[in-house]
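Colleague: Once you've had a glance at the structure underneath, I'll fire off some questions.
What follows is calculated from the coordinates using simple rules that are stated; it is not laboratory data. Values in this document were obtained by computation on a predicted structure and should not be read as measured data. Glycine also receives a Cβ, built like all others from the backbone with ideal geometry; neighbour counts cover every protein chain displayed.
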Amino acid sequence: MSGDSTDKLLTFELSAEGDSIDVHMNRQGLDDLVLYLTRLRDSSTLPAHDHLMTDSWAGTELTEEAQGTDAKLINKVNLRLWPE
């Protein structure tokens, strides 16, 4: 993806109450997320999917340092596109 991955911030975090998800990102994380969604949108086969994972889950798409207090870091996000 864009730039040095050590500069990127992209996390999905579950609230302490477990009823909402916060997405934290910097500009590089946003650019990468847009790329993942564009790649999914442009897939020629539906249903299509992509996995975003942290380093400890054998991925490079998500960063691992939680940004929210009392939030639970999500290590894997599945993006799924279904036919209309």
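Colleague: Can you list the HN-Hα couplings for region 65-77, worked out from phi with the Karplus curve (6.51, -1.76, 1.60; θ = phi - 60°), rounded to whole Hz and with x for Gly and Pro?
Modeller: For region 65-77, the Karplus-derived couplings read 9, 4, 9, x, 7, 6, 9, 9, 5, 9, 8, 9, 10 Hz, x marking Gly and Pro.
Colleague: Also, quick follow-up: Tell me what the chain gives for mean residue ellipticity at 222 nm when only DSSP H runs of n ≥ 4 count, each as -39,500 (n - 2.57), the sum divided by the residue total, rounded to 500 deg cm²/dmol.
Modeller: -6000 deg cm²/dmol
Colleague: Can you give the relative contact order of the chain as a percent, counting alpha carbon pairs under 8 Å and 6+ residues apart?
Modeller: Relative contact order for the chain comes out at 34 percent.
Colleague: Rank these for me by crowding, SER15, SER44, going from fewest to most other beta carbons within 10 Å.
Modeller: So the residues, fewest neighbours to most, are SER44, SER15.
Colleague: Moving on to the next point. Apply the Karplus parameterisation 6.51 cos²θ - 1.76 cosθ + 1.60, with θ equal to phi minus 60°, to every residue of region 18-29 and state each ³J(HN,Hα) to the nearest whole Hz, in sequence, with x for glycine and proline.
Modeller: x, 10, 8, 10, 9, 10, 10, 7, 9, 4, 5, x
Colleague: List the residues whose amide H sits under 5 Å from the amide H of LEU9, counting only those 5 or more places along or on another chain, with H placed 1.01 Å from N in the peptide plane.
Modeller: ASN26, GLN28, GLY29
Colleague: Under a 5 Å amide H to amide H cut-off, with H placed in plane at 1.01 Å, what residues pair with THR60 once short-range neighbours are removed?
Modeller: Those lying under 5 Å, H to H, from THR60 are MET53.
Colleague: Right, here's the next one. What nm value, rounded to one decimal, do you get for the distance between ALA48 and ARG80 when each label is placed 7 Å out toward the C-beta?
Modeller: So the two model labels end up 1.7 nm from each other.
Colleague: What spacing in nm lies between the two simple spin-label points modelled at ARG39 and THR69, each 7 Å away from Cα in the Cβ direction?
Modeller: Taking the simple label geometry, ARG39 and THR69 are separated by 3.6 nm.
Colleague: In what order do LEU37, LEU62, LEU14 fall by count of nearby beta-carbon atoms within 10 Å, going from fewest to most?
Modeller: Placing the least packed residue first, the sequence is LEU37, LEU14, LEU62.
Colleague: Right, here's the next one. For a footprinting-style exposure proxy, rank TRP82, TRP57 by other Cβ within 10 Å, fewest first.
Modeller: TRP82, TRP57
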